[in-house]
Amino acid sequence: MTGEEDTRSAPGALTEEQAERMFAAMNEVIRAGEEMRELRTGMIQVLAGLGWTQDRIARLAGMSQPAVSKQAAKHRTDEPPAPMALSLDQHDAPWLEGRLWGLAEAISETLGDAARCSRYVDAVARGRKRFTPRSVDELRRLVEEDLMLHRDAMPAGYRKAYDRISRGLDVPRETAASATGTTTASASVRRALAHRIQRDHLGAGTNTDSNAGSEAD
């Protein structure tokens, strides 16, 4: 009997399956940390493109000014990128996915554990769920179920926001991308920005005429 076989059969020993699950959990945390660092770097580029000073970015990010300067220098080009549009009504897939994420998070906070989408939102927050066509379809289904099952508990703007997001996601990806033009920001940056803007928009009340007017029918 080999040493590997002894380990698998010995009482109280760590099994290969247990070790695999432990490493998988560790890798999720490490991967999430790397992704967040990349996202932070992308956000620094966006804010610099919007004309924010490095001191201001450093203060908000909790970083030193030299660290921000180093991040900005990594991706500096001869031609500075055009400032990113931050209007809610954009139609590329990452932007719409970010809006859907923001809506799902708002629903989860409104309904608590009763929300079908709460586990998904929690998994995204912990870096255990990533945005793929399949996972986005799953989130759409969960959000739609919550909106139908808890219609009376939801602000009217939640349904309106979902209908607009859903229509956009139903457009073929290449069509949506060509309609908005190219952008230098990564998908994760655009997704994170759309998530934040959607949350703020819902907090202001999407059922008001003034807010609803910022989105095209």
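The values are calculated or read from the model by the stated rules, or taken from the named source; none is laboratory data. No experiment lies behind these values; they were computed from the predicted model shown. Here Cβ is always computed from backbone atoms with ideal geometry, including for glycine, and neighbour counts include all displayed protein chains. Just so you know, the surface numbers come from the protein's heavy atoms only, side chains and all, with ligands and any DNA or RNA stripped out. Shrake-Rupley method; radii C 1.70, N 1.55, O 1.52, S 1.80 Å.
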**Asked** Taking only C-alpha pairs under 8 Å that are 6+ residues apart, what is the relative contact order of segment 9-146 in percent?
**Response** 21
**Prompt:** In the full protein assembly as shown, how much of H201 is accessible to a 1.4 Å probe, in Å² to the nearest 10?
**Reply:** 20
**Prompt:** In segment 100-177, with Lys and Arg counted as +1 and Asp and Glu as -1 at Cβ, which of these residues, T132, P155, G102, has the Cα nearest the positive end of the dipole, that is, farthest along it?
**Reply:** T132
**Prompt:** Of W101, W52, which has the most accessible area and how do the rest follow, probe 1.4 Å?
**Reply:** W52, W101
**Request:** Roll a 1.4 Å probe over the protein heavy atoms and report the accessible area of E38 in Å², nearest 10.
**Result:** 130
